[in-house]
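Please treat every number below as a calculation from the coordinates, not as lab data. Remember, it's a predicted structure, so these values are computed and weren't measured experimentally. Cβ atoms come from the backbone with ideal geometry, glycine included; neighbour counts cover every protein chain shown.
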Amino acid sequence: MKLFRLMGAAFLVALLHATPTLANKEEVHSGTVTFAKNAGGYTYLKVKEAGKEKWLAALPMSVAVGDKVEYAGGDTMKDFKSKAMDQTFDSIHFVSRIHVVNKDMPKDDIHKGMAGMPM
């Protein structure tokens with residue numbers, strides 16, 4: 001039993017050490033905010049990227065229409081019903097890392113390594 005616990009702990013340690021490397025390989029996207037609203041514990045953003053608009057959801061943040069954002073990671077949900085927005089999104093991407101370009105980056109491990117990543 002102790003062996004299984006030790007192996008499990010070793011696996012978790014290895015996984016945690018691998019995570020920053022995996023995060024650095026994620027593609028960084030950028031776009032211009034065309035809509036932003038804080039609702040229900042999220043910031044909902046519509047971002048124009050490469051001529052197309054897409055919906056994003058992120059942890060609450062300070063962002064305004066016209067700001068340029070860079071983001072990476074997360075998952076896309078189809079037919080997502082937001083009670084807070086009273087809207088169903090055909091597709092919305094819940095991002096794991098996002099920041100407004102030319103504003104101070106948060107100084108936490110989630111955003112570490114995002115600034116200066118190739119676009």
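Computed values, structure above
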item: Per-region count, the stretch 42-73, residues out of contact with any Leu (no Cβ under 8 Å at 6 or more places or on another chain) and assigned to a loop (DSSP other than H, G, I, E, B); result: 11
item: Top-ranked residue of the stretch 46-76 - restricted to ones that are aliphatic (A, V, I, L, M) and surrounded by fewer than 16 Cβ atoms within 10 Å (Cβ to Cβ), ranked as farthest from T34 (Cα to Cα); result: L59
